[in-house]
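Structure record follows, encoded as structure tokens.
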Amino acid sequence: MPNILIISGHPDLKTSLANKTILETLDTSDLPFVLRRLDLLGWDLDVEKEQSYVREADVIVFQFPLYWYSYPAIIKNWVEKVFAHGFAYGSKGTALTGKHLMVSFTVGGGSDHYRKGGQNRHPVEEFLYNFEQMAELCHMIYEPPVYSFGSAYIPGVSTEEDRQRVIKNSKDHGQRLLERLKQF
Ligand SMILES: Cc1cc2nc3c(=O)[nH]c(=O)nc-3n(C[C@H](O)[C@H](O)[C@H](O)COP(=O)(O)O)c2cc1C
């Protein structure tokens, strides 16, 4: 059974609907995984401790909401500190070699926004080249991403119907992620 490490990069899961539902869906399965909630760990990390979780992992999943076409600052902070030179890359940085990297994320916009000629002008996967290259630099195996469009729920603006749709889509997302993780 491979060791799965999930890095939750939502900055505040108390206010989340989509990412919270995805993580709850993962909990409905008996698939074992280690979860690091960056909203609880904050910015001032115990880097050696985080690196020990990484060393133990065979599969690392970044779970986050898409913010400004990228990942939230709190998870970038984790990557900058934990995937350090001499650990993750560089001539002596081999700790990540052979591990799998998967990104799992929620997207506010609809799929029609993420295409040539659409509002965001590019397919959403074109915003993921940094993860693919991160995996390459660190000698990791980049896995196809799991993502869901139309995941934004804005209290006071979105309707109850929107809320139910986001919950349903996020549960589906959680199941898709589980199916992928069970294949390792
Ligand atoms: C600061 C911020 C930036 C965002 N940037 C994007 C974006 O670039 N593209 C997009 O489609 N949605 C964007 N969104 C919408 C979020 O992706 C969406 O609300 C989130 O995936 C919902 O997940 P949650 O319920 O777990 O918070 C942004 C939201 C916030 C708060």
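Of everything in the range 114-151, what is small (Gly, Ala, Ser), without any contact (Cβ under 8 Å) to a residue 60 or more places away in the chain and surrounded by 14 or more Cβ atoms within 10 Å (Cβ to Cβ)? Give them in sequence order. Let's see the steps before the verdict.
Kept after step one, since they are small (Gly, Ala, Ser), are these residues of the range 114-151: 117-118, 135, 148, 150-151.
Remaining after also requiring without any contact (Cβ under 8 Å) to a residue 60 or more places away in the chain: 117-118, 135, 150.
Result: Gly118, Ala135, Gly150.
Within the range 1-27, being part of a loop (DSSP other than H, G, I, E, B), within 9 Å of the ligand (Cβ to nearest atom) and touching a Leu at 6+ places or on another chain (Cβ under 7 Å) holds for no residue. Restricting attention to the range 144-184 and to residues that are hydrophobic (A, V, I, L, M, F, W, C) and touching a Leu at 6+ places or on another chain (Cβ under 8 Å), the residue that is nearest to the ligand (Cβ to nearest atom) turns out to be Val166.
Within the range 66-125, how many residues are part of a helix (DSSP H, G or I) and more than 12 Å from the ligand (Cβ to nearest atom)? Even if it seems obvious, please write down each step before you answer.
Residues of the range 66-125 part of a helix (DSSP H, G or I): 73-82, 111-113, 124-125.
Narrowing the set further to residues that are more than 12 Å from the ligand (Cβ to nearest atom) leaves 75-82, 125.
The number of residues fulfilling the criteria is 9.
Residues that are in a helix (DSSP H, G or I) and under 19 Å from Tyr67 (Cα atoms) within the range 145-166 comprise just one, Val166.
Each reported figure results from applying straightforward, stated rules to the coordinates on display, with no laboratory input. Here the structure is a predicted model, which means the values were calculated and not measured. Because the Cβ atoms are built from the backbone with ideal geometry, glycine has one as well, and the counts that use them run over all protein chains shown.
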